[in-house]
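Visitor: Starting off with a structure, shown below.
Taken together, the values in this text are just the output of simple stated rules run on the coordinates, not laboratory data. A quick note: this is a predicted structure, and the numbers were derived from the prediction, not measured. Glycine gets a Cβ as well: all are built from the backbone with ideal geometry, and neighbour counts include every protein chain shown.
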Protein chains: 2
Amino acid sequence: MKEIRFSARRRRKEVLNRLERLGYKLYQQMERGEFPAIDMPSRSTDNIYYSPEYRQYVLGEKKVRRSAGNIRHLRPFTQLIWAAYFAHELTANQKTSTLRDVYYSAQAYGISFKDQPESNDIITDVETVIGFSREDFNIFPEESSAIFGDLTIEYTIPNYEGKRLNLTSHPDGVMIGPALTSAEFIETSADKVIAIEKGGLFTRFIEERVHEKFNALLVYLRGQAPRSTRYFIRRLNQELGLPVYIFSDADPWGMHIAMVIISGSANAAHLRELTTPDAKWSGVWASDIISYKLPSDKLTDLDIKRLHELKRDPRYKDKLWQREINIFMKIKRKCELEAFSRYGLTHIVDKYLPERLKQLED
Amino acid sequence: MKEIRFSARRRRKEVLNRLERLGYKLYQQMERGEFPAIDMPSRSTDNIYYSPEYRQYVLGEKKVRRSAGNIRHLRPFTQLIWAAYFAHELTANQKTSTLRDVYYSAQAYGISFKDQPESNDIITDVETVIGFSREDFNIFPEESSAIFGDLTIEYTIPNYEGKRLNLTSHPDGVMIGPALTSAEFIETSADKVIAIEKGGLFTRFIEERVHEKFNALLVYLRGQAPRSTRYFIRRLNQELGLPVYIFSDADPWGMHIAMVIISGSANAAHLRELTTPDAKWSGVWASDIISYKLPSDKLTDLDIKRLHELKRDPRYKDKLWQREINIFMKIKRKCELEAFSRYGLTHIVDKYLPERLKQLED
């Protein structure tokens, strides 16, 4: 059992702190007789770079200023201040919301957004200004994925504060929603995380007791993982020191599911806390189609176009990725995780999984 | 607290029984020197009727026969027998699978399906022959929705057999997967079920303690509810005797989410156990857009086309549905559940929900 340091509660305090400091700064500016203004890094594409150091996209040095003294800024400036206020309200009262909800809630305060993309954009501004992701100020996506395995957590939300749950308590998997995302990690006997794209395989892994046989926490990604799940995987990696292995379909889209967990997306270049740079794309590789003689389908034109894009993408520069992209292009085949069932339902657990984990641990 | 009769275990036994009887019949035919054959109701569109009695689509009297004595039947007949065998294996060993998995698993037995639609169709044949849905023989969808509230269940799956869980144990909601679907209901203090289309609202309802204030089990549908969730809602209604209230967006697609829970789909005309005829579509109604002065959007051409289809659909013949379809067509507006946030985050819980429940209970 590992002992784990507390962090989720401290995180919430820091978010409240930064929002309050933002408000305080605006007051100071006004008290000095200045128009209040906010400086933040520009998120325009000419200010997004791939950082080999962070192994993710980051924002460059270019700044933008929103000032109440500029009539063209007045609308987005007001929207931004309201959004920061609303984020503070949610976080302070420990209520959660969604992007859709924020759009409608604005109307309750007489703040107008012409459509939801406009309000989404302002929420991204708040993320950029305070340097935390929207999940940290309680704006969650609709989607949720799940986890299963021996990890005991302690809730920090109202009515559940201090209550604990072991994540083997429900064998369909425990949903990764606001309550779990904000929970403290108490103890675990696991020594790795295995993340899986498909729900069917996640259930199979639980049934075959992969969590026990491989001492693992199992995460169900539900396709492209929601941001809160990416953040949760990062926490498992950073706070618990667990290596992360990602399994997805053998096609460019499956590869990218793994890559976004590892290195994030250009859209989140203003955030550092959604990536797990040391997570490992563990399969299904193009080369597995050959070596495991898996049933496969022909790549479509769209698949091939996507492979060409990935080949040039700076996140894909490492040897493994380039090698597998080349094999995909050569064999022009793809396959799914479920293809292992061709050799029986438990083949993937009995043979493929131990072989691959051994190979990656070496 | 209500005491609840056991049923999930008995159900599993009945499924195994019917599959074994099917096999026994085939053996008998062969021992008599006959070509083995299976008779089942036809699922062609000319044999699908709306039944006012069952309040769902049902199959008519037309039968089809698959016989090993007919060379054109040999392929689907063999596929059907294999699928029934595989269903029996899964159910007997309490292993779960998905439609995708079945397609690949067939290859392990030397059974060929030209594509997944072909294997899906054969699984539907097995449903038709034995009169149980594929979830009953452990073939589950990838999607899963969630439930939250005071209901204690007892698992019937291996390794969890006899263990109990109260469904308030995880405040993000408890996933409705194979383990929960097959669990026995032990006790509950709830007197109703409130089913909600959107995840954001489900979380809001938990935060605002709707389960306590309204003595309810809360179900998150995740859009169009997966079949296993529809089946689970039916169980809550039939085994626990709880009335079911469904809340979805005010547009033809939201209406249909409610309708499919209530009266099912034509695709499942061969099954009786996926519907909850007494469940109530509780909002958001077209008339609510007017009476609650909700922010709304213009109906698209596609929305209007869909409304015309629903107007003619036999499932929509009742007064409430026809009235609301007419209002939609008149005001040409739609709105989402989140639109209530226009009056503050808790307005939907403080005002709308109690008013609507009172109205429907009267």
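Visitor: Using a 10 Å cut-off around each Cβ of peptide A:334-345, what is the average number of partner chain Cβ atoms that fall inside?
Guide: Values: counts 0, 1, 4, 3, 9, 5, 4, 11, 7, 4, 3, 11.
For peptide A:334-345, the averaged partner shielding equals 5.
Visitor: Right, here's the next one. Looking at chain B as a GNM with Cα springs under 10 Å, which of B:Ile48, B:Ile261, B:Ile290 has the largest mean-square fluctuation?
Guide: Among B:Ile48, B:Ile261, B:Ile290, the largest mean-square fluctuation in the Gaussian network model of chain B belongs to B:Ile290.
Visitor: In the stretch A:22-177, with Lys and Arg counted as +1 and Asp and Glu as -1 at Cβ, which of these residues, A:Ile38, A:Val102, A:Trp82, has the Cα nearest the positive end of the dipole, that is, farthest along it?
Guide: Among A:Ile38, A:Val102, A:Trp82, the one farthest towards the positive end of the dipole of the stretch A:22-177 is A:Ile38.
Visitor: Another question, then. Need one number: nm distance between label points at A:Lys298 and B:Gln116, each 7 Å from Cα along Cα→Cβ, rounded to one decimal.
Guide: Going from the A:Lys298 label point to the B:Gln116 one covers 1.9 nm.
Visitor: While we're on this one: Note down the net charge around B:Cys335, summing +1 for each Lys or Arg and -1 for each Asp or Glu among other residues with Cβ under 14 Å from its Cβ.
Guide: Details: positive: A:Arg100, B:Lys198, B:Lys293, B:Lys298, B:Lys332, B:Arg333, B:Lys334, B:Arg342; negative: A:Asp101, B:Glu197, B:Asp249, B:Asp251, B:Asp288, B:Asp297, B:Asp303, B:Glu324, B:Glu336, B:Glu338.
Here the charged neighbours net out to -2.
Visitor: Moving to a separate point now. At what distance in nm do the modelled label points of B:Phe35 and A:Gln224 sit from each other, each positioned 7 Å from its Cα along Cα→Cβ?
Guide: 5.1
Visitor: If you project the alpha carbons of the stretch B:189-361 onto their three principal axes, what span does each projection cover, largest first, in Å?
Guide: Here the Cα extents, ordered largest to smallest, are 45, 43, 25 Å.
Visitor: Among B:71-79, B:119-127, how do they line up by average Cβ neighbours within 10 Å per residue, starting with the highest?
Guide: Details: B:71-79: 15.3, B:119-127: 21.1.
Going by the mean number of other Cβ atoms within 10 Å, highest first, we get B:119-127, B:71-79.
Visitor: Which aspartates and glutamates, on any chain, are close to A:Lys114 with Cα under 20 Å apart, when same-chain ones fewer than 8 places away are left out?
Guide: In chain and number order, the partners are A:Asp101, A:Asp125, B:Asp297, B:Glu336, B:Glu338.
Visitor: To continue, here is another question. For B:His170, A:His211, what ranking results if the residue with the fewest other Cβ atoms within 10 Å of its Cβ goes first? Intermediate values should be presented prior to the final figure.
Guide: Details: B:His170 26, A:His211 21.
Starting with the residue having the fewest Cβ neighbours, the order is A:His211, B:His170.
Visitor: Here's another thing I want to ask about it. Based on alpha-carbon atoms only, what is the radius of gyration of the protein assembly as shown relative to the globular estimate 2.2 N^0.38 Å? Don't skip to the answer; put the middle values down first.
Guide: Details: Rg = 27.0 Å, N = 724, 2.2 N^0.38 = 26.9 Å.
Relative to the 2.2 N^0.38 Å estimate, the protein assembly as shown comes out at 1.01.
Visitor: Next up: Counting Lys and Arg as +1 and Asp and Glu as -1, each charge on the Cβ, what is the dipole of chain B about the Cα centre in debye, to the nearest 20?
Guide: 740
Visitor: Over 27 Å between Cα atoms: which of A:Lys62/B:Lys198; A:Lys163/A:Lys192; A:Lys25/B:Lys198; B:Lys25/B:Lys95; A:Lys198/A:Lys332; B:Lys62/B:Lys95 fall into that group?
Guide: On the way: A:Lys62/B:Lys198 39 Å; A:Lys163/A:Lys192 25 Å; A:Lys25/B:Lys198 38 Å; B:Lys25/B:Lys95 25 Å; A:Lys198/A:Lys332 23 Å; B:Lys62/B:Lys95 34 Å.
Over 27 Å Cα-Cα: A:Lys62/B:Lys198; A:Lys25/B:Lys198; B:Lys62/B:Lys95.
Visitor: Here is a further query. Cross-link list A:Lys351/B:Lys13; A:Lys293/A:Lys330; B:Lys293/B:Lys334: which exceed 22 angstrom alpha carbon to alpha carbon? Can you show the working numbers first?
Guide: Working: A:Lys351/B:Lys13 32 Å; A:Lys293/A:Lys330 16 Å; B:Lys293/B:Lys334 12 Å.
From A:Lys351/B:Lys13; A:Lys293/A:Lys330; B:Lys293/B:Lys334, over 22 Å: A:Lys351/B:Lys13.
Visitor: Sticking with this structure for a sec: I'd like the FRET efficiency for B:Thr78 and B:Arg10, computed as 1/(1 + (r/R0)^6) with the beta carbon distance as r and R0 of 30 Å, rounded to 0.05.
Guide: 0.45
Visitor: To the nearest whole number, what is the average tally of beta carbon atoms from other chains within 10 Å of the beta carbons of peptide A:164-171? Let's see the in-between values first.
Guide: On the way: counts 0, 3, 0, 1, 2, 6, 14, 13.
If you average over the peptide's residues, the count of other-chain Cβ atoms is 5.
Visitor: Take each of the peptides B:227-237, A:262-272, average the number of other beta-carbon atoms within 10 Å over its residues, and list them starting from the highest.
Guide: Working: B:227-237: 23.0, A:262-272: 19.9.
The densest-packed peptide leads the list: B:227-237, A:262-272.
Visitor: Given the stretch A:62-207, what whole percent of its Cα pairs are spread farther than 25 Å?
Guide: On the way: 4617 of 10585 pairs.
Here the tail beyond 25 Å accounts for 44 percent of pairs.
Visitor: Relative to the Cα centre, what is the charge dipole magnitude of the stretch A:278-362, using +1 at the beta carbon of each Lys and Arg, -1 at the beta carbon of each Asp and Glu, and rounding to the nearest 20 debye? Mind dumping the intermediate values first?
Guide: Values: 19 positive and 15 negative charges, 84 e Å.
For this selection, approximately 400 debye.
Visitor: Hey, could you pull the Cα Rg and Dmax for chain A, both in Å?
Guide: 22.3, 75
Visitor: Continuing with this model, one more query. Per-residue mean of other chain beta-carbon atoms within 10 angstrom of the beta-carbon, peptide A:197-206? All intermediate terms of the calculation are to be shown ahead of the outcome.
Guide: On the way: counts 0, 4, 8, 10, 4, 3, 12, 5, 0, 6.
Shielding by partners across A:197-206 averages 5.
Visitor: Next up: Is the stretch A:8-137 best put as rounded, prolate or oblate by its Cα gyration tensor, with a ≥ b ≥ c the root eigenvalues, rounded for a/c under 1.5, and otherwise prolate when a/b is larger than b/c, oblate when not?
Guide: Numbers: a/c = 1.30, a/b = 1.10, b/c = 1.18.
Note, shape of the stretch A:8-137 comes out rounded.
Visitor: Any chance you could check the Cα centroid distance between the stretch A:197-245 and the stretch A:296-323 for me, in angstrom?
Guide: 24
Visitor: With springs only between Cα atoms under 10 Å apart, run a GNM on chain A and tell me which of A:Leu180, A:Leu221, A:Leu307 wobbles the most.
Guide: A:Leu307
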